[in-house]
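Have a look at the structure below before the remarks.
The values are calculated or read from the model by the stated rules, or taken from the named source; none is laboratory data. Predicted model only: the values in this text are computed from it and were never measured. Cβ placement follows ideal geometry from the backbone for every residue including glycine, while neighbour counts extend to all protein chains displayed. Note: accessible area is taken over every heavy atom of the protein model, side chains too, but ligands, DNA and RNA are not part of it. Shrake-Rupley method; radii C 1.70, N 1.55, O 1.52, S 1.80 Å.
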Amino acid sequence: MAHFTKATSVHDWLNQRLAIDTLQRVLSKEYWIPKNINFLWAMGMVLAFTFGILLVSGIFLLMYYQPHVDTAFDSVNFTIMREVEFGWLWRHVHAVAASVVFLIIYIHMLTGIYYGSYKKGREMIWISGMLLFVAFSAEAFSGYMLPWGQMSYWAGMVITNLFSLGSLEFNGLVEWIRGDYVPGQAFLDRFFMLHVLLIPLAILGLIGLHFGALRIPHVNNQDGEEFDFDEEAAKYKAGKKKESKVIAFANDFLSKDMFVVSIYLIFFFYLVFWHFGFAMDPINFDPADGLKTPPHIYPEWYFLWSYEILRPFPKDPGLVAFGIAQVIFFLLPWLDRSPNAVPASRRGLFFFWFWAMVIDLIVLTAMGKLPPQGIYSTIGLYAAGFFFLLWIILPFITKSEKRV
Amino acid sequence: MKEFKILAVVIFFTLVTYWLVEPFAHSQMHAHVESEGFSYDDLPPLEKTGDATRGQDLVMGAGGCIGCHSIESAGFPAAMDAVTNSASYGVNPPDLSNAGGIYEPKFLAALIKNPTQALMVEHKFTPESGKMHPMIAFYGAGGDIDQEVADMVAYLQSIAPKPDQITPAQAFETACGRCHSVKYENWTQIGEKPVFKKKRDELVFLTQLEDYNANLMGYMGKLPPDLSMYIRSRGEHYLSTFIENPQNLLHGTAMPRVGVSKDGAEKVLEYLVEAGDPKHAERDSVGVKVMIFLLVFAAASYLWKKEIWKDLH
């Protein structure tokens, strides 16, 4: 056992037992961040903050929510919204955060793609981030089931039907997932468990992995500049802060993070108090009715692009396309064969590839919501085809890229 | 400055996406129906000036109104309870005490002369279907029928409370509450559900409600939906235009045109807002306070950042 001396203060007492000085040094004071990064690098902190908001508001909702097909709808819309003091606030905070978290995830992902932050040694950051995206998607879908509204029910029906795997007609698998022939009590019970326990645990673990993956390669910077972190850190520690290309996470970068977070919170709470409706589909305020199909069934906005990759094709090819779309972003570090980890603006053709991808994703998102008729289904089909074309040409245009 | 440019790009693409999946997509999915201002232009205008005293004689006598309707405020209670009434007519005929204050006079006149036309349920009560509308048209008491109808409307207006004395709950109950429940306001089709001391009394009430709703279901084709959350699931504009003319938004529906005046419609909507969104005032007042806090927080964090970064640049 280590040698313990009589503590001179609470700090000293804790330091002898938990090494808090060392922890603080490694995690904040000497965790080096490049100086030349813009506010887009604060999206990680914004996401961590939003996840915290989701966790806390979710715990409050959990105190009153009842996972039963007969009472779930009223426990949310009556008990939480009317009976519980400030229940409406927790509910709106939770719903808005669930939607906004995807906006920030997409900004965070596209930032990574634009600056090439998935390349050369940073593959694990990218993969753990994509795993987080998948986990958040599952978390969002399972949470969407819980109020047991019309869209919850029918989205549950449509999404679980995908597991019949098209012409393979694995209907037994669908029923096994649902625990019933249609979404019912067994379905609600298991999605409740997934939403409040299993997936949040996975997310917490993945956040740990994502942070850990940053440690060795360090975060990229907005000029794609490569420098020796140890050398720059030595300059910083010698007091030459202005010359050093790195800064400490705390309080240097943290102060910028917090400023970005504060601006974000203004936007976030504006939505909570005066525009919460954007995050809540009106159809979900009708209780689930298995005998009445809504005229339009569509997922939440953040799934629309991948839904539109499924929809315009015939059954089997559509399912294959959908499956590929779910995993293709994982392969980005290998499909991009360029040696450069610099901003897209300095990478020639890749610059056009990036913006074409952004616009295609937006077009797919819009078409995924619109009724699949006439011109909208034609645009949807071409946009889905274009999505795959972009992935096919990516290795070729990046292979020909010159080293900068 | 570069950061502002990046922020502008992020905001631009966010807003484009938002516009496409919200306002634009919804405009393509749902036909937009304009309000007609509750003017009921398809109904004949009310040209005669009515006399309430003569109207009273007609309502009580030749008009035959109190054969089915109660007028509590004039001392005519209902002859039968709601459940028995619904067994006879399909739905409980409304008490007429408030009718003159909630419904448009023109609509009341048209209703007396030709109920299926005023209610826009002619598609349901066709001669071929053999179904008769439970309310029988008034064919006149021997004089000028338009004058007689005007007199009856004048009487109903004279006994009704002034529009500003009618509460949202009263407007809702008369106009909608005999077919629709609002369980979040404890409202059922046969009235407000009391607090029962004994389970037995509650079961008696629930049995009556079941019987009433079974009759109503037979009359309407399905049980009309509970409206607790309709302000959230449909929104004010949809509900307002739907109340004005259900056929515009749900062609062929069994729901009759309600015929409320503009003021009556506003009261009904006010009731539905309180049922489905009772915390709207609290939301506004808490929201302003949170915003003030966040602005101070943002200013403080900006100053902190400036203080720290002056050593770094």
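Of the residues in the range B:141-148, none is touching a strand residue (DSSP E or B) at 6+ places or on another chain (Cβ under 8 Å) and open to solvent by less than 70 Å² (accessible area, probe 1.4 Å). On inspection, A:Leu55 passes the criterion of being of a type outside the set (Asp, Glu), open to solvent by 60 Å² or more (accessible area, probe 1.4 Å) and closer than 30 Å to A:Ser117 by Cβ.
Quick check on B:Asn215: is it more than 14 Å from chain A (Cβ to nearest Cβ) and open to solvent by 40 Å² or more (accessible area, probe 1.4 Å)? The answer is yes for B:Asn215. With respect to (1) within 13 Å of chain B (Cβ to nearest Cβ); (2) farther than 22 Å from B:Ile6 by Cα, the lone exception for A:Trp41 is condition (2). The residues listed here are B:Lys310, B:Lys262; of these, the one that is open to solvent by 90 Å² or more (accessible area, probe 1.4 Å), more than 9 Å from every other protein chain (Cβ to nearest Cβ) and under 39 Å from the mean Cα position of the chain (by Cα) is B:Lys262. Note on the range B:155-190: among residues that are under 11 Å from B:Ala99 (Cα atoms) and small (Gly, Ala, Ser), the one that is farthest from the other protein chains (Cβ to nearest Cβ) is B:Ser158. The C-beta contact set for the range B:218-242 (first residue within 12 Å of chain A (Cβ to nearest Cβ) and of a type in the set (Val, Ile, Thr), second residue open to solvent by 60 Å² or more (accessible area, probe 1.4 Å) and assigned to a helix (DSSP H, G or I), distance under 9 angstrom, 6+ apart or interchain) comprises B:Ile231/B:Glu274. Scanning the range B:150-181 for residues being buried (at least 19 other Cβ atoms within 10 Å of the Cβ) and part of a loop (DSSP other than H, G, I, E, B) gives a total of 7. Filtered by the rule that a residue be surrounded by 21 or more Cβ atoms within 10 Å (Cβ to Cβ) and polar (S, T, N, Q), the range A:142-178 gives A:Gln150, A:Ser152. Listed by position, the helices (runs of 4 or more DSSP H) enclosed by the range B:182-298 that each have at least 1 residues that are at pLDDT below 95 and over 21 Å from A:Trp88 (Cβ atoms) are B:199-220, B:236-244, B:246-249, B:262-276. The condition (being closer than 29 Å to B:Gln28 by Cβ and either basic (Lys, Arg) or in contact (Cβ under 8 Å) with a residue 12 or more places away in the chain (or both)) is satisfied by just one residue among A:Pro333, A:Pro294: A:Pro294. Looking at the structure I just gave you, is B:Gln247 more than 9 Å from chain A (Cβ to nearest Cβ), of a type in the set (S, T, N, Q) and open to solvent by 70 Å² or more (accessible area, probe 1.4 Å)? Spelling it out, it is not the case that B:Gln247 is more than 9 Å from chain A (Cβ to nearest Cβ), of a type in the set (S, T, N, Q) and open to solvent by 70 Å² or more (accessible area, probe 1.4 Å). Screening the range A:179-199 for residues that are touching a residue at least 12 places away in the same chain (Cβ under 8 Å) and more than 28 Å from A:Gly368 (Cα to Cα) and picking the one that is most open to solvent (accessible area, probe 1.4 Å) gives A:Asp189. The residue that is farthest from the other protein chains (Cβ to nearest Cβ), counting only those in the range A:64-94 that are part of a helix (DSSP H, G or I) and more than 19 Å from B:Tyr184 (Cβ to Cβ), is A:His94.
In the range B:38-67, the residues that are open to solvent by 40 Å² or more (accessible area, probe 1.4 Å) reach residues that are assigned to a loop (DSSP other than H, G, I, E, B) with C-beta atoms within less than 6 angstrom, at least six apart or across chains, in these pairs: B:Ala62/B:Ala141. When restricted to residues that are modelled with pLDDT of 95 or more and at the interface with chain B (Cβ under 8 Å from one of its Cβ atoms), the range A:270-281 contains 4.
The set of residues in the range B:98-134 being over 22 Å from B:Gly177 (Cβ atoms) and small (Gly, Ala, Ser) consists of B:Ala109, B:Ala110, B:Ser129, B:Gly130.
Only one of the listed residues (B:Ala25, B:Ala8) is over 28 Å from the mean Cα position of the chain (by Cα), within 14 Å of chain A (Cβ to nearest Cβ), small (Gly, Ala, Ser) and not in a loop (DSSP other than H, G, I, E, B). That residue is B:Ala8.
Of all residues in the range A:126-141, exactly one satisfies the criterion of being open to solvent by less than 20 Å² (accessible area, probe 1.4 Å) and either over 20 Å from A:Leu103 (Cβ atoms) or not in a helix (DSSP H, G or I) (or both), namely A:Ser128. Scanning the range A:218-225 turns up no residue that is open to solvent by 70 Å² or more (accessible area, probe 1.4 Å), touching a helix residue (DSSP H, G or I) at 6+ places or on another chain (Cβ under 7 Å) and in a loop (DSSP other than H, G, I, E, B). Pairing each residue of the range B:282-298 that is open to solvent by 80 Å² or more (accessible area, probe 1.4 Å) with any residue that is assigned to a helix (DSSP H, G or I) and aliphatic (A, V, I, L, M), provided the two are 6+ apart or on different chains, yields C-beta distances under 8 Å for B:Leu295/A:Ile266. Kindly evaluate B:Leu7 against the criterion of being open to solvent by 40 Å² or more (accessible area, probe 1.4 Å) and touching a residue at least 40 places away in the same chain (Cβ under 8 Å). Spelling it out, it is not the case that B:Leu7 is open to solvent by 40 Å² or more (accessible area, probe 1.4 Å) and touching a residue at least 40 places away in the same chain (Cβ under 8 Å).
Output the residues belonging to the range A:255-269 that are more than 7 Å from every other protein chain (Cβ to nearest Cβ) and farther than 16 Å from A:Asn221 by Cα. Steps first, please.
First, pick out the residues of the range A:255-269 that are more than 7 Å from every other protein chain (Cβ to nearest Cβ): A:257, A:260-261, A:264, A:267-268.
Scanning the range A:255-269 gives A:Val260, A:Val261, A:Tyr264, A:Phe267, A:Phe268.
Taking the range A:228-328 and the helices (runs of 4 or more DSSP H) fully enclosed by it, the elements with 2 or more residues that are of a type in the set (Ser, Thr, Tyr) and open to solvent by less than 60 Å² (accessible area, probe 1.4 Å) are at A:254-274, A:304-310. The single condition among (1) touching a Pro at 6+ places or on another chain (Cβ under 8 Å); (2) touching a residue at least 60 places away in the same chain (Cβ under 8 Å) that A:Met145 does not satisfy is (2).
Taken together, the residues in the range A:198-244 that are more than 18 Å from the chain's Cα centre (by Cα) and on the phi < 0 side of the Ramachandran plot amount to 27.
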